[in-house]
Every structure is written in structure tokens, then in C-alpha cells.
1. Six or more apart or on different chains, Cβ atoms under 7 Å: show the pairs whose first residue is in the range 447-476 and assigned by TED's automatic domain parsing to the domain that holds Ser236 and whose second is exposed (fewer than 13 other Cβ atoms within 10 Å of the Cβ) and part of a helix (DSSP H, G or I).
2. When you go through (1) in contact with a Leu (Cβ under 6 Å, 6 or more places away or on another chain); (2) under 30 Å from Ile207 (Cα atoms); (3) of a type in the set (A, V, I, L, M, F, W, C) one by one for Val395, which number turns out not to apply?
3. Read through the list (1) under 24 Å from Ile473 (Cβ atoms); (2) outside any strand (DSSP E or B); (3) touching a residue at least 60 places away in the same chain (Cβ under 8 Å), then give the number of the only condition that Lys523 fails.
4. Does Leu159 count as closer than 30 Å to Arg78 by Cβ, modelled with pLDDT of 90 or more and in a helix (DSSP H, G or I)?
5. When only residues in the range 225-238 that are in a helix (DSSP H, G or I) and buried (at least 20 other Cβ atoms within 10 Å of the Cβ) count, which is nearest to the chain's Cα centre (by Cα)?
6. Could you say whether any residue in the range 587-606 is surrounded by 20 or more Cβ atoms within 10 Å (Cβ to Cβ), within 16 Å of Ile635 (Cβ to Cβ), in the same structural domain as Asp637 (by TED's automatic domain parsing) and in contact (Cβ under 8 Å) with a residue 40 or more places away in the chain?
7. Determine, yes or no, whether Val171 is in contact (Cβ under 8 Å) with a residue 60 or more places away in the chain and surrounded by 14 or more Cβ atoms within 10 Å (Cβ to Cβ).
8. Which of (1) under 16 Å from Leu594 (Cβ atoms); (2) buried (at least 19 other Cβ atoms within 10 Å of the Cβ) is the odd one out, the single condition Ala667 does not satisfy?
Amino acid sequence: MKKLLNYLPLHFVVFLIVGICVQFFTQFWNINLLKTILFLSLIAISILLLKNKILRTTLALMLFFFIGVISIYFNDDRNYDSFYKHHFKESSTIVLKIDKVLKPGEFYRKYYAKIINVDKKITRGTVLLNVKKDSTSTFFNVDDQLLLNTSLKEINPPLNPHQFNYKLYLVKQGVYHQLFTDKNQYLKTNKSTVTLVGLSARFRSKIEEAIKKYHFKENELSVINALLLGQRQDISKELIRDYQRAGAVHILAISGLHIGIILIILNFLFKPIERLKQGKTIKVIIILILLWMFAFIAGLSASVVRAVTMFMFVAIGMSYKKKKITVFSVITSMLLLLLFKPLFLFDVGFQLSYLAVLGILSIQPQLYKAYKPRFFLDRKAWELFSVSVAAQIAVLPLSIYYFQQFPGLFLVSNLVIIPFLGAILIGGFLVIILSLLNILPQLIADFYGLIISVMNSFISWVSHQEQFLFKEISISFLLMLIWYVSIVFGISFFKEKSYKKLVYFLVSIFLLQGVYLFENSNKKHKKELIVFHKNKHSVIGKRLGDNFFLECNLDSLQLIKDNSINSYKVSEGVHKIEKISFKNYTNFANKDILLVDSLGVYNVATKKKPIVVLQFSPKINLTRLIKTIKPSQIIADGSSYKSYVSFWEETCKELQIPFYYTGKNGAYVLKY
């Protein structure tokens with residue numbers, strides 16, 4: 001641990017990450033390229049000229065902080081004059097190129113597309129393209145170019161507290177707008193610039209066509225595509241949910257796990273080459289070529305490129321047969337990736353992959369020492385067990401933070417599937433090669449499909465053991481960070497037991513408990529009134545500590561399934577939800593809240609200047625209501641017609657009364 005903490009690139013990575021985060025969330029750096037180069041050159045020259053070690057180290061860390069800042073700035077398309085929005089008009093004709101095929105939605109096929117031309121001006125920037133589904137609509141492939149005339153649409157932020165922020169997610173992918181079109185609004189051009197990713201997509205399509213001839217079942221084919229070709233678009237929601245609940249969803253996404261297994265297999269197969277002169281170097285070169293060939297087959301997606309890059313450095317480190325060099329190689333790969341692709345930092349897959357690998361390298365050796373297996377099978381089972389536990393410890397706080405659940409049977413699914421995953425991958429490559437050559441015996445195809453079906457059935461069985469799935473667990477970002485501080489100090493103590501390290505570990509535990517108790521106390525004393533947004537429904541909640549009193553027109557089943565209510569309940573630690581009726585009036589934070597529903601009846605004797613919530617499109621004379629009860633605020637929720645809402649907004653503007661529409665501004669929150 002001490003050697004790792006003294007490894008200078010680790011400090012560079014930390015300051016690079018801080019710089020990336022600061023610039024991404026504040027956007028404070030807006031200096032042009034020439035001044036930026038001069039600024040960085042000045043710091044670099046100072047590092048070379050100064051002799052004081054502390055000053056040089058400080059400046060080096062500062063340099064990597066600003067490299068992180070600047071890498072985000074220059075990777076942001078919005079900072080260039082050629083950004084498509086700077087040239088976009090309502091009547092603009094645009095040319096875009098398909099960059100990535102996404103999982104389709106219920107009504108639209110979805111793609112990432114680069115806008116390469118706006119009104120014959122060369123532009124840059126990526127958008128989310130939504131193509132309306134119909135029986136005649138065609139699928140687009142990577143590198144296809146389209147000519148269309150449509151308008152840019154903003155991506156809506158979440159309208160209710162704690163809902164998934166799809167807008168922020170797309171911004172982290174470098175996507176800031178979306179386009180909607182149907183078959184009558186675009187023209188597919190014959191022009192096409194072939195890219196490496198496009199060639200990969202075409203080759204993958206040929207593989208998919210070849211495999212389909214052998215009559216695999218739908219779920220079998222979708223899992224084969226995910227495992228070997230990196231394509232998850234066709235996997236059903238039910239199957240993905242089963243893998244998530246079983247703690248095995250990482251199996252369906254080509255990631256560090258798959259590349260790591262392939263690396264181990266290749267390392268074993270080519271071990272005899274080490275006997276040759278310069279054999280280690282030759283072996284590493286062959287392995288790297290084969291890993292990148294697999295990345296090409298798997299579509300060269302960001303997750304695959306990240307995983308192969310990481311294990312490329314691991315493979316080099318392994319050739320030295322020193323564990324420390326392997327750890328250093330992983331950190332160096334992270335540094336390299338973030339220098340060129342800083343937005344990778346915000347990808348959940350990137351975070352989980354690196355944490356899992358670092359966890360295996362640092363935690364697994366300590367776990368393995370706890371038991372001395374005597375037999376071969378015993379030893380291999382213990383190795384796999386310790387690797388799975390180490391990886392899970394490393395990713396647990398982050399996975400709970402993102403997914404708010406913990407699959408208690410993750411060990412069962414991993415211990416059963418991962419030992420056979422190497423064979424499944426090798427068998428899959430064999431199936432691909434033979435199917436491309438059109439010599440795959442149907443018997444082998446049926447047997448391979450049976451293996452995939454058995455795996456799916458086992459995962460389904462594990463996922464239905466409800467008592468072992470711990471759901472609705474929520475931790476804050478701060479608590480997650482402190483969990484990792486405790487894990488690091490815990491590993492350090494168990495590696496080298498000393499009084500000093502024990503003190504650090506215990507202090508981190510006390511800090512963890514203190515933050516947990518503080519946040520829990522705040523939740524228990526929190527009070528707020530929320531007018532949620534839900535189309536065609538009215539949902540109003542009054543939060544009093546652990547209790548949440550809800551007035552809504554949702555039935556019990558709808559209430560259980562409602563994402564906005566469930567997200568709020570889990571994230572805020574609410575224990576009890578009680579459905580009540582406010583009877584058109586409630587009081588909160590010394591304010592009167594008057595609810596006016598479709599009947600249009602309201603109490604004129606209400607105290608002056610109440611907050612008025614309009615529900616279910618009441619047919620009222622709003623001007624008369626305002627003059628009679630003089631409200632301090634008018635709120636319209638999602639249950640009212642938009643035509644009514646527009647009229648109310650105009651009326652409030654004329655009478656200078658604050659107007660709030662949840663469909664535009666999001667949920668209305670009144671805190672006490």
C-alpha cells in the first residue's frame with residue numbers, strides 16, 4: 001500500500017480527476033488554445049527549472065489539475081465555432097452521420113449521430129436521433145448519412161425529485177440536443193465515409209446474419225450477441241432484470257471481466273512462447289493484437305476500448321510477474337484514458353471496472369491468506385470465491401449509490417457461471433468462425449444454445465429468490481466516499497497491522513458512523529410539501545420526518561409502480577407512505593394551501609394570500625379567484641389540460657401573480 005501511495009502517477013490521476021470534475025460542473029475555464037498552451041508551458045518550464053522538490057511536486061500536481069480542466073474544455077463541442085447549434089436555424093437542412101446504434105424505445109429507434117453539415121457549413125457535435133417506428137421504417141447502420149430538415153429539441157431534465165437525470169447522462173456522453181423524425185422527413189444519402197467503427201459494425205452484422213441461420217431461440221441469440229459481439233439492444237427487459245437481481249448483469253456487457261478471462265486464456269495458451277529468445281515480448285505482442293481483434297469484433301464501443309486498454313497495460317505488467325507492476329499498469333492505463341477521453345470518468349462502467357480490478361489486486365491477496373486450501377479443486381474454488389468477494393467489496397458502495405440494491409446471491413451466480421464463462425466465450429468464438437465458414441454442425445449450435453438457455457434459467461431462478469435481494473438501499477455521495485476511505489484504511493491495516501494504521505481505520509469508522517447518524521437525523525426531521533408532476537394525475541405529498549402523507553388519484557397498484565414516488569421514498573429514507581385526502585385545503589410552513597379541483601369549488605373564507613393548486617382542469621374564472629382570495633402563487637400540476645395551463649399562465653402574467661407549471665418547471669417543493 002505504501003509503495004502504491006508513493007507511485008507518482010496515482011497522484012497525477014487524482015489531480016487529473018479533480019480537474020475534470022471542477023471544469024465539468026463549473027465550466028470556469030474559457031481561454032483560447034494559444035493562451036492555454038502558454039499557460040501549461042509556463043508551469044512545465046517552472047517544474048524543470050526549480051530545484052526545490054516540494055515546489056516541483058506541487059507544480060506537477062497543479063499541471064495535471066489544469067490538464068484535467070483543459071481536456072474537458074477542448075472535448076466539449078460547445079466551445080468551438082463549428083458547433084452545430086451556432087449555425088442552426090428553424091429552416092436549416094442538416095447532414096448527419098450515424099455514430100452509434102442504441103437500444104430502441106417503445107415508439108422510436110434511437111441513435112447517436114454526428115451533425116457534420118448545417119446548411120452546407122461543416123460542423124461538429126453529437127445529437128440523439130429519434131426515428132419514429134412504423135412497419136416500413138428502415139434500420140440505420142454506423143456511418144450511414146442522412147439529409148433531413150427538422151428542429152433541435154432540448155433534452156428535458158427530470159421533473160420530480162430523485163428521478164434519473166437523463167439529460168445529465170447525455171451531457172456526460174457529449175450529447176446536448178435531440179432530433180425527432182419519421183420516414184417522410186429524411187433522405188438517406190449515398191455518400192458514406194467508412195470508419196473503423198463502421199467496418200466493425202458491418203463485420204458484426206455479417207456474423208449476426210450467419211448465426212441466425214442456426215435457429216437459436218430469441219433469448220439465446222440476444223445473450224450470444226451480448227457476450228461475444230457487445231450488442232445488448234435485443235435483450236428483453238425481463239432478462240436484463242433477472243441478471244441485475246442475480247448480481248450477474250456484468251456478464252451481459254463486454255467489460256473487464258470478459259477481457260480479463262480472455263487474457264488469462266491467451267496467457268496460458270501462449271506460455272510456451274516464453275521459452276524463445278525475447279519470448280515474453282513476442283507473447284505480449286501476440287496477446288495485444290488478439291485483444292484488439294476481439295475489440296474490433298465487439299464493435300469498438302467505449303466500454304470495450306476502455307477494457308482492452310486497461311488489460312493491455314495489465315498484460316504488460318503480468319509479463320514482469322510482479323504484482324506491484326500490475327497495479328501500477330492499471331493506474332497508468334487510467335491516466336492515459338482520461339487524458340484523451342476525460343468524459344469516460346463519468347461512465348458507470350468505467351468506474352466499476354477500475355474499482356473491481358483494483359479491488360481484486362489489493363483485497364484478494366489478503367482474503368486468500370485467510371484460508372490454506374490443501375487440494376486442487378479446493379484451491380481453485382477458494383481463489384474464485386476470494387476474487388468475487390474482493391471485486392464485490394470494491395464496487396459495493398458505488399453500486400448501492402447508483403442502483404440502490406444489493407444482490408445477496410451474487411456469490412452463487414458468480415461461483416457457478418464465471419468458471420464456465422471462459423469455456424462459453426471460447427465455444428462462442430468457435431460457433432462464430434464455423435458459422436462464417438458455413439460449416440457449423442447444427443448439433444454444436446443446438447448444444448451451445450442449450451448451454452446459454454441453462455445459464456439464463458439458472459440466473460432466472462437466482463433472481464426470484466426475493467429474500468436474498470436487498471432493495472431500496474440508499475446512500476449519499478458523501479457517505480459513499482467515506483465508505484471508500486474506510487475500505488482503504490481497512491485494507492492498509494490488514495496488510496500491515498500496526499497501532500497507527502488501526503487508529504486511522506477506527507477514525508474512518510467513527511467518521512462513517514457520524515455522517516450516517518447526521519444524515520439520518522436530518523431525514524427524520526425533514527419537512528416539505530411537494531406537488532409532483534405526473535401526466536393526467538395529481539400527486540401531492542406532505543413529508544413529516546419518516547412519514548409521507550400523499551393525496552393522489554392513483555390506485556394502490558399504480559402507487560406501488562410509480563417511479564417518481566418510489567424514487568423519492570428510497571432516496572429520502574421514507575418508511576411510511578399513507579394515502580389521505582387534504583379535502584381541498586392544507587396548511588404547511590405557516591402557509592395555506594388551497595386545492596381547486598374539477599368541481600371548481602373553493603372556500604373564499606380562506607386566509608389571505610394562500611398558495612392555490614389547480615387540479616383536473618377546473619372550469620373557473622381565474623381572474624375572479626385572484627381578485628377574491630388574492631393568492632401568493634398559482635400552481636398547475638400535470639392533471640390539467642395544457643390549453644388550460646397556457647390560459648392560466650397568461651392570466652397570471654396580466655395580473656402579476658407568480659405562476660408555476662410542474663410540466664415545465666418540475667415538481668413544486670415547499671420546505672419548512
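The values are calculated or read from the model by the stated rules, or taken from the named source; none is laboratory data. Source: prediction; values computed, not measured. Positions of Cβ are generated from backbone atoms using ideal geometry, with glycine treated the same way; all protein chains shown enter the neighbour counts.
1. Qualifying pairs under 7 Å: none.
2. That leaves (2) as the condition not met.
3. Here Lys523 meets the rest and fails (3).
4. Numbers: closer than 30 Å to Arg78 by Cβ: yes; modelled with pLDDT of 90 or more: yes; in a helix (DSSP H, G or I): no.
Against the criterion (closer than 30 Å to Arg78 by Cβ, modelled with pLDDT of 90 or more and in a helix (DSSP H, G or I)), Leu159 does not qualify.
5. Start the filter on the range 225-238 by keeping residues that are in a helix (DSSP H, G or I), which leaves 225-229, 237-238.
Next cut, buried (at least 20 other Cβ atoms within 10 Å of the Cβ) only: 225-229.
Numbers: Asn225: 21, Ala226: 18, Leu227: 19, Leu228: 22, Leu229: 20 Å.
The residue in question is Ala226.
6. The answer is yes; a qualifying residue exists.
7. Values: in contact (Cβ under 8 Å) with a residue 60 or more places away in the chain: no; surrounded by 14 or more Cβ atoms within 10 Å (Cβ to Cβ): yes.
In short, no.
8. Result: Ala667 fails condition (1) only.
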